[in-house]
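The values are calculated or read from the model by the stated rules, or taken from the named source; none is laboratory data. Quick caveat, the model's predicted, so the values are computed rather than measured. All Cβ positions, even for glycine, are placed from backbone atoms using ideal geometry, and neighbour counts span all protein chains on display. Keep in mind that these areas ignore ligands, DNA and RNA; they rest on the heavy atoms of the full protein, side chains included. Shrake-Rupley method; radii C 1.70, N 1.55, O 1.52, S 1.80 Å.
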Amino acid sequence: HVLILLRDGMGTEDIQQHYGITQADIFRLGQRLEALGLARVETSGRIRILVEQPIAFRRNGPLHDRLMTLNLDFVRDVFSAEDSDSAGFLTQSRQISDATARIIMADIQALKNKLADMARQDQLTLPAEALTSHKLTAAWAPVDFSQLLAI
C-alpha cells in the first residue's frame, strides 16, 4: 500500500499523518520494500522507489479485500460525479452472442493495452508534475437481471 502511495506522489510525512503512524513505522515499511527490491531507504530516511512499471496484483493475494473495496468505492465515486471530457461512468447491457462477447472482451483488452502504452509514453516525455493518476475499471460478463433486481 505504501509503495502505491509513494508512486502516486504522496510523501512519507503525508502517509504518516493520514494513517497515524510514526517515522519508525515508515522506516520499517521502507525496509520491507527494500527487502523486496522495490525501494531503497536512503540515509536521510527518504524512501526511493526503484520500480517504474505498473504494479500488478493477484486477485486472491494479500491485498484482495482492500483492492475490492478500493475498486467498489472508485466506481461509486465516479458514478456519483458529473461526467467530464476526461472522466465519466459508462454502463450498457445488450443481448448478444458468445462470439460478440468475445470480440468486445478483446476490444476491452486492447483498450487496456493502449492505455498502458500511452501512459508509458507520457511518463517518458513529460515531467511528473504534468501527470495525474487515472484509473480504468471495467467489468464484462453475462448478467442475469432477475438475480440483480429484487422487489
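Quick rundown of the values:
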item	result
Residue tally, condition closer than 25 Å to Asn113 by Cα and among the small types (Gly, Ala, Ser), over segment 23-75	2
Flag for Gln92 being over 20 Å from the mean Cα position of the chain (by Cα) and not in a helix (DSSP H, G or I)	yes
Some residue of segment 138-150 being surrounded by 10 or more Cβ atoms within 10 Å (Cβ to Cβ) and in contact with a Ser or Thr (Cβ under 8 Å, 6 or more places away or on another chain)	yes
One residue from Asp73, Asp65 being of a type in the set (Asp, Glu) and either at pLDDT below 85 or open to solvent by 100 Å² or more (accessible area, probe 1.4 Å) (or both)	Asp65
Total residues in segment 18-45, condition open to solvent by 80 Å² or more (accessible area, probe 1.4 Å) and at pLDDT below 85	2
Candidates Ala119, Ala141 - the one that is within 23 Å of Ala56 (Cα to Cα), outside any helix (DSSP H, G or I), out of contact with any helix residue (DSSP H, G or I) (no Cβ under 6 Å at 6 or more places or on another chain) and of a type in the set (A, V, I, L, M)	Ala141
Segment 46-62, subset open to solvent by less than 90 Å² (accessible area, probe 1.4 Å) and of a type in the set (A, V, I, L, M), residue nearest to the chain's Cα centre (by Cα)	Ile55
Conditions (1) open to solvent by 100 Å² or more (accessible area, probe 1.4 Å); (2) out of contact with any helix residue (DSSP H, G or I) (no Cβ under 8 Å at 6 or more places or on another chain); (3) in a loop (DSSP other than H, G, I, E, B): number failed by Glu129	(3)
Members of segment 3-17 that are free of Cβ contacts under 8 Å to residues at least 40 places away in the same chain and either open to solvent by less than 90 Å² (accessible area, probe 1.4 Å) or closer than 17 Å to Leu63 by Cα (or both)	Leu5, Met10, Gly11, Thr12, Asp14, Ile15, Gln16
First in segment 79-107 and open to solvent by 70 Å² or more (accessible area, probe 1.4 Å), second anywhere and of a type in the set (D, E, K, R), Cβ under 8 Å, 6 or more apart	none
